[in-house]
Amino acid sequence: MIKNFNRLLSFILITSFFALFLVFSLFWYFSSDLPDFAFLKTYKPAVSTKVYDIKGDVIADFSRERRSFINIDQVPKRVVSAFLSAEDKNFYKHPGIDAIGITRAVFKNIENFVTGKRLEGASTITQQVAKNFLLTSDVSLARKVKEAILAFRIEKSLSKKRILELYLNEIYLGERSYGIASASMTYFDKSINDINFSEAALLAALPKAPSKYNPYRNYDAVKQRKNWVLKRMYENKFITKKQLETSLKYKIKLKKRLLIMDMS
């Protein structure tokens, strides 16, 4: 009995050693040619040029991409809580990689694989910043490893507030809109400070698949995901039961599509 136990213990130790050796080898190999992220400390995107009528309403946008920059201190808590609930509820707890989220995704993907459903990712907001600013969007092990390494380094170099600010201003939300400030005007014709919980949840529903969840083309799909985000906000104690019920009943009014002048 003791001999079998010792063999099992030896096997576990040897397997763990080789697993750690493999992980460190991958990290060492992919760490050699990573892009420099120092510019993220001062980065601000180029904003778009807009044309207004005499009433102050936007009538045209002379740009290939709609962009507006907003300081993280000006972002309402309801918007932050919506995106954290949808994308990375452990953002303020993890060091760039969410081990719990990865473990959950692994078991979920086993189920999805068996049932033929689409596989899910487990990228944190920091990993998404690394990908959006520094890497390509190709699906490969090499990119995921680089993404993880950069996420750790970014967390050591930048504050959580700055990382969240970069994410919320750079994330693509469909209709050529990058960032929450631009998307809020695009979809609701409102300042980001004026949107409610339901509208915030709709914006937070978009990063997963901006084309699939485009509210102008597939409102039923985005409504379903928006409601899922609201329920996650309630589960994470960001909103009360009454706020959840009110937000689920709220009928969102979308802004009419804006004329876009492509100056390329």
Filter pass, residue 136 being hydroxyl-bearing (Ser, Thr, Tyr), part of a loop (DSSP other than H, G, I, E, B) and either modelled with pLDDT of 95 or more or farther than 21 Å from residue 238 by Cα (or both): yes
Top-ranked residue of region 77-122 - restricted to ones that are assigned to a helix (DSSP H, G or I), among the basic types (Lys, Arg) and over 30 Å from residue 194 (Cα atoms), ranked as modelled with the lowest pLDDT: 108
Search result, residues across region 233-249 that are open to solvent by less than 70 Å² (accessible area, probe 1.4 Å) and over 21 Å from residue 193 (Cα atoms): 236
Residue pairs meeting the criteria (Cβ under 8 Å; at least 6 apart or on separate chains; first without any contact (Cβ under 8 Å) to a residue 40 or more places away in the chain and of a type in the set (D, E, K, R), in region 165-192; second open to solvent by less than 10 Å² (accessible area, probe 1.4 Å) and assigned to a helix (DSSP H, G or I)): 190/184; 190/199
Exclusive hit being more than 16 Å from the chain's Cα centre (by Cα), open to solvent by 10 Å² or more (accessible area, probe 1.4 Å) and over 24 Å from residue 89 (Cβ atoms), set 156, 190: 190
Residues being assigned to a loop (DSSP other than H, G, I, E, B), open to solvent by 10 Å² or more (accessible area, probe 1.4 Å) and closer than 13 Å to residue 174 by Cβ - total across region 196-232: 10
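The values are calculated or read from the model by the stated rules, or taken from the named source; none is laboratory data. Not measured: the values here are computed from a predicted model. Cβ: placed from backbone, ideal geometry, glycine included. Neighbour counts: every protein chain shown. The area values use the complete protein model at the heavy-atom level, side chains included, leaving out ligands, DNA and RNA. Shrake-Rupley method; radii C 1.70, N 1.55, O 1.52, S 1.80 Å.
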